[in-house]
Amino acid sequence: MPKEMLTVVDKPLVQYAVEEARMAGIERIIFVTGRGKEMLADHFDYVPELEVALKGRNREGPLQQIRALVPTAGCLLFTRQNEPLGLGHAVWCARHLVGDGPFAVLLPDDLVWPGLNAPPVMQQMCDQFEQLRSPMVAIMTVAQRETDKYGILDPAGETDAASPLVLAKGLVEKPAPDLAPSRLAIIGRYILTPEIFDLLGQRKTGAGGEIQLTDAMALLMKQHSLYGFRFQGTRFDCGDKVGFQMANLALALEQKEMRERLLPFLNEQLALWNDGSARPDG
Ligand code: G1P
């Protein structure tokens, strides 16, 4: 099963990303997929059998929900990355569909849940982009030992902790902790301009022998200022088993009905682990 179809609480990761994009006013959504990911296209299509069954049982609510999931015809576009050459290559595969305007990139395994009363993260970024018209990456501060899991931003000058924007003077993909220029890590939300496609088209390989989006963005900085954006919200790394569980827990606890049943259970579990009667590791 494609990892994008893993369900967090009650919907697949890919749906969170698509809803986030649509809430930011993004109307055309391009999927760069690969072999075995046909399920993604089906998920956003009508399912007549299910609709008939729901109608027959007078389940109007769920019926509306599944119909709302399907975007306007022609607004979902699919292309394939036929070789696993890296994120930069995946983005390049969409070049003809993107055309010559700015575009956003959302990596569905990074589930980004907005802070209380904050708009969805892509909306936060689009609002900034309206003012700046410069490429932008979402960033968060990570532990020094974790820099080798992320693209890391090299800030130009002192960073002002009060400002959400950090002007970059460089970007490095997955630097070792002792070589990282900062602890500001890129997470899977970007707004880019189409000049990136020529740079990606040079097919230069970087960290891990892959064509890295981070490296092309570092080159793009010769033409455009590039900003890191400290978003309001929490990012869950759903490509990681623990991050995935955290996302399920955090999002379930946001819903009152689930919270009322989950909290007593969690307290019970905590007590069990704290008094040492639970099973030891492994
Ligand atoms: C990709 C990017 C990396 C970024 C990360 C965010 O890495 O290459 O720059 O920090 O996504 O999740 P991946 O997680 O695919 O190795």
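Just to confirm a number: summing +1 for Lys and Arg and -1 for Asp and Glu over residues other than Gln212 whose beta-carbon lies under 12 angstrom from that of Gln212, what do you get?
Details: positive: Lys174, Arg203, Lys204; negative: Glu173, Glu210, Asp215.
Net local charge, Gln212 excluded: 0.
Net charge near Glu51, counting Lys/Arg +1 and Asp/Glu -1 over other residues with Cβ under 12 Å of its Cβ? Write down the numbers at each step before the final one.
Values: positive: Lys55, Arg57, Arg59, Arg67; negative: Asp45, Glu49, Glu60.
Net charge in that neighbourhood comes out at +1.
Tell me, what HN-Hα J-couplings in whole Hz come from the Karplus equation 6.51 cos²θ - 1.76 cosθ + 1.60 at θ = phi - 60° for each residue of the stretch 128-137, using x for Gly and Pro?
Karplus-based 3J(HN,Hα) across the stretch 128-137 equals 5, 5, 3, 7, 8, 6, 10, x, 8, 10 Hz.
Could you sort the peptides 250-262, 182-194 by per-residue average Cβ neighbour count (10 Å cutoff), highest mean leading?
Descending packing order for the listed peptides: 182-194, 250-262.
How much length is gained on full extension from Ala73 to Leu165, taking 0.36 nm per residue of separation minus their Cα-Cα distance? Intermediate results must be reported in sequence, preceding the final value.
Numbers: separation 92, 0.36 × 92 = 33.12 nm, distance 3.64 nm.
The span from Ala73 to Leu165 would gain 29.5 nm if fully extended.
Contact order normalised by length for the chain, with contacts defined as Cα pairs under 8 Å and 6 or more residues apart; what percent is it?
Values: 428 pairs, mean separation 61.1, N = 282.
Computed over the chain, the figure is 22 percent.
On a C-alpha basis, how far is the centre of the stretch 144-158 from the centre of the stretch 221-254 in Å? Whole number, if you could?
15 Å
What does the net charge come to around Pro181 if you take all other residues with beta carbon closer than 15 Å to its beta carbon, with K and R at +1 and D and E at -1?
Taking every Cβ under 15 Å from that of Pro181, the sum is -4.
List the lysines whose Cα lies under 17 Å from the Cα of Lys3, skipping any in the same chain that are fewer than 8 positions away.
Lys11, Lys37, Lys241
Report the relative contact order of the stretch 22-170, percent, no decimals, based on alpha-carbon pairs under 8 angstrom and at least 6 residues apart. Spell out each step's value before the answer.
Values: 91 pairs, mean separation 34.4, N = 149.
Relative contact order, the stretch 22-170: 23 percent.
Add -39500 (n - 2.57) for each DSSP H run of 4 or more in the chain, then divide by its residues: what number comes out at 222 nm, to the nearest 500 deg cm²/dmol?
Roughly -10500 deg cm²/dmol at 222 nm, from the helical runs in the chain.
Calculate the length of the line joining the C-alpha centroid of the stretch 11-44 to that of the stretch 99-114, in whole Å.
So the two Cα centres are separated by 10 Å.
Laboratory data are not the source of any read-out in this text; all were calculated from the coordinates shown. Everything numeric in this text was worked out from a predicted model, so none of it was measured. Note: ideal-geometry Cβ built from the backbone for every residue, glycine included; neighbour counts use all protein chains shown.
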